[in-house]
Amino acid sequence: MALKNTNKVETNVYEIEFDASKEVFDAAVEKVYRKEVKKINIPGFRKGKAPRSIIEKMYGKGVFYEDAINEIIPEAYEAAIKEANLVVVSRPEFDIVTIDDNGVVLKAKFFVKPDVNVKDYVGIKATKEVKEVTDEDINAEIDSVRARNGRMVEVTDRSVENGDLAVIDYEGFCDGTPFDGGKAEKYSLAIGSNSFIPGFEEQIIGHNIGESFDISVKFPEEYHSEELAGKDAIFKIVLHEIKKNELPELDDEFAKDVSEFDTLDEYKADVKAKLVARNEKAAENAFEEQIINTLIENLEAEIPEVMFETEAENFVRDYDSRLRMQGLDLNTYCKYTGQTLESLREQFKPMAARQVKTRLALEKIVELEKIEATDDEAEAEYENLAKAYNMPADEVKKFVDASAIKADICVKKAVDFVKEKAEITK
């Protein structure tokens, strides 16, 4: 098998011719014959026992050619691509040039990775703003933990206040007539949650247990039910119970219950440290996004549309995998959301384009700065993947090629390189 010639058809499109020798092709034909003969009935022979020459005489000499060519294409094509030193980014289109006594000559047409240029990637101007952690931030974080560890208790000595849980019966009327979906009994409504139409929850405030009363509301103009949109309504309410979330005392015992610390001061210090780390990470992510945005702006390349389509398809497959982890699948998701696979692909197109452009820019920087990955770094990455997928590193190596691992490491190093060389305003 050998590359015969390489031809650039147009920008980022190449065509190659490659061949397989007579010996290789004959061996492929023989292999296909042995597999297919079991299904063939020829008069005078037991099923599966007809000689190849008889079958070819009856159905034509090329009866096994198509399958034989499919048999040899993968290895022959890969060898030709390697010899041509091309990076293919699309599915190839194959054609048969000749089949004769000398073997078979094939042609493949495909898109290749584009030539790119990245301007001014050293000294990119970017801002890095780390939000200061205030006492209010610390208290808000602790209050959210208190809320999660609170307990609901009944309130009998006052009327409803904002933040309470009101247990009510309600029935809605428009023009004096009840409407569908407007009635419930013993419904637990969190006052202040804004889960009901505007004005509803506010009018529960101030009422006492056992009261029956009416509230007046107006449905939003863009309400999901066209029959109710923009209409005035009266709801008849019966208030059965008032409950509130009783928060634990903010003391050392609380700290012991919700953390590994013995005192409230230690717990607060830990909360502050975690908020500082979170803000640092958020600032670093925002800084890196600025860097990537600038790289994309400075990228010069004619990128084949097929690269964006392929990456969008990768996003779709990844989304399907995540849905399956939640017990769903893509078809079910599309059915309930009214989307189609095509609309989902279009939805992912902008992210796919950004991903492709980012990768191309960073790979160019890897090339220009001669960034490399060591074997030790590759081994460490294999170990990380092994932990992430809970499988032995040797098993991971069967699925992920070392060259791909090293390429990803180099891209990460390119990001670090550009960040280190950036002009940062803090």
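The values are calculated or read from the model by the stated rules, or taken from the named source; none is laboratory data. Since this is a predicted model, take the numbers as computed values, not measurements. Cβ atoms come from the backbone with ideal geometry, glycine included; neighbour counts cover every protein chain shown.
Within segment 245-274, the set of residues being out of contact with any Leu (no Cβ under 7 Å at 6 or more places or on another chain), charged (D, E, K, R) and under 28 Å from Asp164 (Cα atoms) comprises Glu246, Glu249, Glu253, Lys256, Asp257, Lys268.
For segment 84-93, the count of residues that are surrounded by 12 or more Cβ atoms within 10 Å (Cβ to Cβ), under 46 Å from the mean Cα position of the chain (by Cα) and not in a loop (DSSP other than H, G, I, E, B) is nonzero.
Test of understanding: among Tyr14, Tyr65, which residue is surrounded by 12 or more Cβ atoms within 10 Å (Cβ to Cβ) and assigned to a helix (DSSP H, G or I)?
Numbers: Tyr14 fails: assigned to a helix (DSSP H, G or I).
Within the list Tyr14, Tyr65, the selection yields Tyr65.
Considering segment 355-385, the residues that are in contact with a helix residue (DSSP H, G or I) (Cβ under 6 Å, 6 or more places away or on another chain), of a type in the set (D, E, K, R) and surrounded by 17 or more Cβ atoms within 10 Å (Cβ to Cβ) include one that is farthest from Thr294 (Cα to Cα), namely Glu381.
Only one entry of Ala352, Ala393, Ala404 meets the criterion of being surrounded by 14 or more Cβ atoms within 10 Å (Cβ to Cβ), more than 18 Å from the chain's Cα centre (by Cα) and not β-branched (Val, Ile, Thr), and that entry is Ala393.
For every residue, the table says whether it meets (1) under 30 Å from Asp143 (Cβ atoms); (2) in contact (Cβ under 8 Å) with a residue 40 or more places away in the chain.
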position: Glu227; (1), (2): no, yes
position: Lys243; (1), (2): yes, yes
position: Leu247; (1), (2): yes, yes
position: Leu250; (1), (2): yes, yes
position: Val258; (1), (2): yes, yes
position: Ala269; (1), (2): yes, no
position: Val276; (1), (2): yes, yes
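With the structure loaded, tell me whether Ala166 is surrounded by 11 or more Cβ atoms within 10 Å (Cβ to Cβ), outside any helix (DSSP H, G or I) and in contact with a Phe, Trp or Tyr (Cβ under 7 Å, 6 or more places away or on another chain) or whether it fails that test. So Ala166 fails the test. Right, Asp143: acidic (Asp, Glu) and assigned to a strand (DSSP E or B) or not? Considered against the rule, which asks whether it is acidic (Asp, Glu) and assigned to a strand (DSSP E or B), Asp143 comes out as no.
Just one of the numbered conditions (1) closer than 30 Å to Gly176 by Cα; (2) part of a helix (DSSP H, G or I); (3) touching a Leu at 6+ places or on another chain (Cβ under 6 Å) is not true of His207: (2). Selection of segment 391-426 for residues being touching a helix residue (DSSP H, G or I) at 6+ places or on another chain (Cβ under 7 Å), free of Cβ contacts under 8 Å to residues at least 24 places away in the same chain and either within 14 Å of Thr358 (Cβ to Cβ) or basic (Lys, Arg) (or both) yields only Lys397. Only one residue in Glu171, Glu227, Glu222, Glu201 is within 35 Å of the chain's Cα centre (by Cα) and outside the structural domain of Lys268 (by TED's automatic domain parsing). Which one? After applying the criteria, what remains is Glu222.
Of all residue pairs spaced 6 or more apart or on separate chains, none has beta-carbon atoms under 6 Å together with a first member in segment 107-126 that is without any contact (Cβ under 8 Å) to a residue 12 or more places away in the chain and a second member that is acidic (Asp, Glu) and part of a strand (DSSP E or B). Evaluate the following for Phe254: is it aromatic (Phe, Trp, Tyr) and part of a helix (DSSP H, G or I)? For Phe254, the condition - aromatic (Phe, Trp, Tyr) and part of a helix (DSSP H, G or I) - is met. Being within 23 Å of Asn245 (Cα to Cα) and either buried (at least 16 other Cβ atoms within 10 Å of the Cβ) or not small (Gly, Ala, Ser) (or both) is the filter here; which residues of segment 171-189 pass it? Once the filter is applied, which keeps residues that are within 23 Å of Asn245 (Cα to Cα) and either buried (at least 16 other Cβ atoms within 10 Å of the Cβ) or not small (Gly, Ala, Ser) (or both), segment 171-189 yields Glu185, Lys186, Tyr187, Leu189.
Picking from Ala422, Ala388, which residue would you name as being surrounded by fewer than 11 Cβ atoms within 10 Å (Cβ to Cβ) and among the aliphatic types (A, V, I, L, M)?
On the way: Ala422 fails: surrounded by fewer than 11 Cβ atoms within 10 Å (Cβ to Cβ).
The unique qualifying residue is Ala388.
What are the pairs with Cβ atoms under 6 angstrom where one residue, in segment 81-92, is without any contact (Cβ under 8 Å) to a residue 24 or more places away in the chain and the other, located anywhere, is surrounded by 11 or more Cβ atoms within 10 Å (Cβ to Cβ)? Sequence gap at least six, or different chains. As it stands, the answer is Pro92/Ala108; Pro92/Phe110, since those pairs meet every condition given. Taking segment 291-307 as the range and being assigned to a helix (DSSP H, G or I) and in contact with a helix residue (DSSP H, G or I) (Cβ under 8 Å, 6 or more places away or on another chain) as the test, the residues that pass are Ile291, Ile292, Leu295, Ile296, Met307.
How many residues are surrounded by fewer than 14 Cβ atoms within 10 Å (Cβ to Cβ) and either farther than 24 Å from Val87 by Cβ or in contact with a helix residue (DSSP H, G or I) (Cβ under 7 Å, 6 or more places away or on another chain) (or both) if we restrict to segment 308-321? Going through segment 308-321 one residue at a time, the tally reaches 1. Taken residue by residue, segment 245-255 has no member that is at positive phi and either among the charged types (D, E, K, R) or out of contact with any Ser or Thr (no Cβ under 8 Å at 6 or more places or on another chain) (or both).
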